[in-house]
Structure formats: C-alpha cells, structure tokens
Ligand SMILES: O=C(O)CCC(=O)CC(=O)O
C-alpha cells in the first residue's frame, strides 16, 4: 500500500525546527494538547492523526508499520521538513522507531513514550477482532483504565469521559488494522540501527506496556536515555504534562545546544 495523506495541524513559527508528534492506538492528535503550546514556543509542531484515526482516512486493511512510516515521510515532505524531531507514544513510538531505523537522515532526535519493540501478539489480535465485531466503543472504558492511574482517573471524570469518547469515535476497521500492526511488529532488530539521539519515557504504572518494554528499547538503542514518570500509566503526557513536556523540550532543545 502506498502513503496516504493524513490529517494534520501545524503550530509554531514557520522557520523553527520541526517536531512531529504521533498518537497512540485509539487516540487522535488531540492527545498532545497538553504539550503543543509549550513546544510551539520553540518549534514548528506538526501533530497528525495516524491512518484509521481521527480525521485521517481509514483505508481498508491490512496495514504494515512501513505503511504508517510512509505516511509520516509523505507528511514531512508535505510540510517541507527534510529532517525533524519525532515523538511518538505507543503505536506512535513504534512508528518512530521504524522511521528512525529506516530513514535515519529524516530524524534528528527521537522521543519514544510508553512503547514497545515487541508487544503481545495475541492480545492485540483479540483487540482487533473485538473492534471489528463490537466496535471501538466496546473497548473504550477498558482501554482508558490503562491510560491513567486509578487515582488520577477517579479525580478527573471529565477527562475519562472525553478519552472514552475519543476511542469510541475511532474507525472500527482503522483501529483493528492498526492493532494488527502492533500484533505483527518485531522491532528488536531495528534498535541497534537507530542513530538519532533517543529519549525513552516509561509510565511507572503502565499496565499496557510496562517499563520492561522501554528498558529493552533503551538498552538496544545506542546511547538512549531512559526516564520513568511516576505516578503515570500509559498516557503520562496527560497525567504528568509538565514533566513530560519539560523532558521533550529538554531533549529536542539539546539539538540546538550541540550545534
Ligand atoms: O497505545 C498503543 O498505541 C498500543 C498499546 C495499547 O493499545 C495500550 C492500550 O491502550 O491498552
């Protein structure tokens, strides 16, 4: 399958270095709302909806991880970014690892949040089957229970409701095809080929992709740094926005300091 034109938003000065932000399974680019304003003070921030999500097209599956990477490369071409910093969470991080390994010249610095080089294939195949048979709404409350720690969710019922609605609005087939991408991938052989300076972020209480997954990534990518956010579950950028935004700013700003 060739690249599709994904839906995206650009914030920040036109001549600033570009940062691309990539969403997790079931989310949209709106998941980066807590990060965009601060990042956009120093960077040209491109957020997009992975195919099958949000306002992007949901072509019939199957998709491969390389299809998702092709979409990012086309997006970078579209916004005129020969090279960009890239941050991705979970599925977005998987896209980022493959992008950085396959197209090293296109990635300046990489941030990988709550992601995995090899996830549980059976669980994601079951998730895909459930999305197809009962719709993404049937998954929403279980998935959100992994995105936030129980205490934070209890204190933020409005956020929980918005996140559940976001998942319920995801295209059933698009979600399923992306879940199968996660089921099929094995990026362990790619890690040693990633040359972009890399920050890996874990949520200490992430029940979806626990910190062991990120430790393996950090050990496999030469020179990678590992940060654990606590308390934090699968979407610590929502629960600990200041810490996660600060870590991204520090990591991407280091490019300027090193110049
Ligand atoms: O979040 C992702 O992109 C993949 C892992 C996942 O679906 C975790 C979850 O929401 O349960």
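The values are calculated or read from the model by the stated rules, or taken from the named source; none is laboratory data. Note that the structure is a prediction, hence the values are computed from the model and not measured. As a convention, Cβ positions derive from the backbone with ideal geometry for all residues, glycine included, and neighbour counts pool all protein chains shown.
Here are the numbers:
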quantity: Neighbours by Cβ (under 8 Å, 6+ apart or cross-chain): first from the range 208-225, at positive phi; second buried (at least 21 other Cβ atoms within 10 Å of the Cβ) and outside any loop (DSSP other than H, G, I, E, B); calculated: 223/198
quantity: Whichever residue in the range 102-135 is touching a strand residue (DSSP E or B) at 6+ places or on another chain (Cβ under 8 Å) and within 24 Å of residue 168 (Cα to Cα) and, among such residues, is farthest from the ligand (Cβ to nearest atom); calculated: 113
quantity: Top-ranked residue in the range 11-24 [being outside any strand (DSSP E or B) and crowded, with 24+ Cβ neighbours inside 10 Å; ranked as nearest to the ligand (Cβ to nearest atom)]; calculated: 24
quantity: Extreme residue, nearest to the ligand (Cβ to nearest atom), among residues of the range 47-69 that are in a helix (DSSP H, G or I) and over 16 Å from residue 174 (Cβ atoms); calculated: 69
quantity: Selection status of residue 85, away from the ligand (no atom under 15 Å from the Cβ), at negative phi, buried (at least 23 other Cβ atoms within 10 Å of the Cβ) and outside any helix (DSSP H, G or I); calculated: yes
quantity: Options 201, 182: the member that is modelled with pLDDT of 95 or more, within 16 Å of the ligand (Cβ to nearest atom) and in contact with a helix residue (DSSP H, G or I) (Cβ under 6 Å, 6 or more places away or on another chain); calculated: 182
quantity: Condition check for residue 99: closer than 21 Å to residue 4 by Cα, more than 12 Å from the chain's Cα centre (by Cα), within 16 Å of the ligand (Cβ to nearest atom) and buried (at least 22 other Cβ atoms within 10 Å of the Cβ); calculated: yes
quantity: Residue selected from the range 25-36 under the condition within 16 Å of the ligand (Cβ to nearest atom) and crowded, with 17+ Cβ neighbours inside 10 Å, by the criterion nearest to residue 136 (Cα to Cα); calculated: 26
quantity: When residues of the range 220-245 are limited to those that are more than 13 Å from the ligand (Cβ to nearest atom), assigned to a helix (DSSP H, G or I) and touching a helix residue (DSSP H, G or I) at 6+ places or on another chain (Cβ under 8 Å), the one nearest to residue 146 (Cα to Cα); calculated: 239
